[in-house]
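Working notes, structure below.
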Amino acid sequence: DASRQTQDQVGVYLQDQAKFGDFILTLNGRHDWVFQDTYATPASAVSSQNDSAFTGRVGLGYILAPGLVPYASYATTFTPQVGFNRSGQAFKSATGDQLEAGVKYLIPGTNIQTAFAGFEINQSSILIPDSANLAFQTAGGAVRSKGFEAEATANLAPGTNLTIAYTHVDIRFVNSIDSTGQSIAGNLVSGIPQDTYASFLTYAFPPSSPLRGLQIGGGIRYIGASYADDLNTVRNTAVTLYDALVAYDFAALDPKYKGFRAQLNGYNIFDRNFQTCSFGFCNRNQPATVIGSLIYRW
């Protein structure tokens with residue numbers, strides 16, 4: 001018999017930002033209430049689970065020089081999880097905390113904006129396979145993530161923009177066991193690459209061009225190798241994908257069409273066939289995909 005679960009979530013959120021000289025302080029807080037009803041079978045009695053939590057974030061930045069802002073922040077997280085364990089009980093919500101520090105820099109005399117951040121994230125009660133019954137999951141996992149992100153955006157010339165991003169992350173289990181009952185504490189989480197890179201270049205034809213209003217672009221995505229299992233014995237191979245963009249701004253035809261834009265986005269345009277395995281399961285990744293959009297902004 002099919003099982004059924006309903007989940008409702010209500011939250012209130014407050015944020016404030018204040019500036020004291022060259023210091024910028026950001027504070028926000030949120031309180032959530034989650035209500036879940038689980039029916040293991042249509043004829044079974046309802047199992048209710050209500051949960052609530054307060055989460056918040058505090059961040060402090062300092063304007064060290066024009067365009068140069070180092071910052072640090074601390075945040076807590078609360079994430080309700082859909083589903084239930086082999087006993088028919090709803091999963092407890094995942095919780096965590098994040099510490100981040102970095103710097104944002106607008107290089108003087110240029111249109112180049114850079115950012116670098118290091119972080120550490122701790123999460124508990126995440127879903128992992130249930131070693132007693134592989135058809136189910138249990139909210140008994142805990143992981144620690146450490147890494148850094150670097151990003152740069154640049155206007156290289158009129159109408160020409162480049163974005164580059166690189167991420168290195170090390171996500172390891174803290175106190176978990178795998179589906180066979182073996183300890184995987186200290187192992188890397190499967191299916192998550194340690195290194196990813198992306199760059200995208202766009203060019204918009206100038207107003208004096210017969211092709212005015214047209215924008216084209218292309219990019220590269222590199223997805224590094226990852227482990228295919230939580231015992232860290234088998235690897236998913238690295239893969240490089242290519243994307244493309246073609247867009248047209250109808251304001252180039254007539255100013256009365258300002259805000260109208262047609263856009264085609266192509267992902268994995270060379271149809272690279274690959275799969276990613278994690279937690280003992282393998283999935284074929286997105287084949288060549290084209291998405292068309294008609295956009296109006298006002």
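Bear in mind these aren't lab numbers, they're just calculated from the coordinates by the rules spelled out. Just so you know, these numbers come straight off a predicted model, no measurement behind them. Note that we place each Cβ from the backbone using ideal geometry, even for glycine, and neighbour counts take in every protein chain shown.
Across the chain, the relative contact order, built from alpha-carbon pairs under 8 Å that are at least six residues apart, equals 9 percent. The fewest-to-most ranking of 277, 282 by surrounding Cβ atoms within 10 Å reads 282, 277. The equivalent ellipsoid that matches the C-alpha gyration tensor of the chain spans semi-axes of 40, 27, 23 angstrom, in descending order. Semi-axis lengths, largest first, of the ellipsoid equivalent to region 149-194 are 41, 9, 5 Å, with √(5λ) applied to each eigenvalue of the Cα gyration tensor. Size descriptor for region 146-287, Kirkwood hydrodynamic radius: 18.0 Å (Cα pairs only, one decimal).
Using the Cβ-Cβ distance between residue 50 and residue 157 with R0 = 45 Å, the FRET efficiency computed as 1/(1 + (r/R0)^6) comes to roughly 0.20.
With 0.36 nm allotted per residue and the present C-alpha distance subtracted, the residue 256-residue 275 stretch has 2.2 nm of extension available. As a proxy for reagent exposure, 256, 146 were ordered by neighbouring Cβ count within 10 angstrom, fewest first; the result is 256, 146. Each label point was placed 7 Å from the Cα along the Cα-to-Cβ direction; for residue 208 and residue 3 their separation is 6.8 nm. Average projection, convex hull of the Cα set of region 209-283: 7.0 square nanometres. Using only the Cα atoms of region 1-136, each taken as one equal point scatterer with no solvent, compute I(q) by the Debye sum, divide by I(0), and report log10 of the ratio at q = 0.09, 0.13, 0.19, 0.21 Å⁻¹. Calculated log10 I(q)/I(0) at the listed q: -0.45, -0.73, -1.09, -1.22. Going from the residue with the fewest nearby Cβ atoms within 10 Å to the one with the most, 169, 58, 246 rank 58, 246, 169. For region 138-145, putting each phi into the Karplus relation 6.51 cos²θ - 1.76 cosθ + 1.60 with θ = phi - 60° gives couplings of 9, 8, x, x, 9, 9, 10, 10 Hz, in residue order, rounded to whole numbers and with x for Gly and Pro.
Stokes-Einstein diffusion of region 68-167 at 4 °C, 1.567 mPa s viscosity, Kirkwood radius from Cα pairs, rounded to a whole number: 78 µm²/s.
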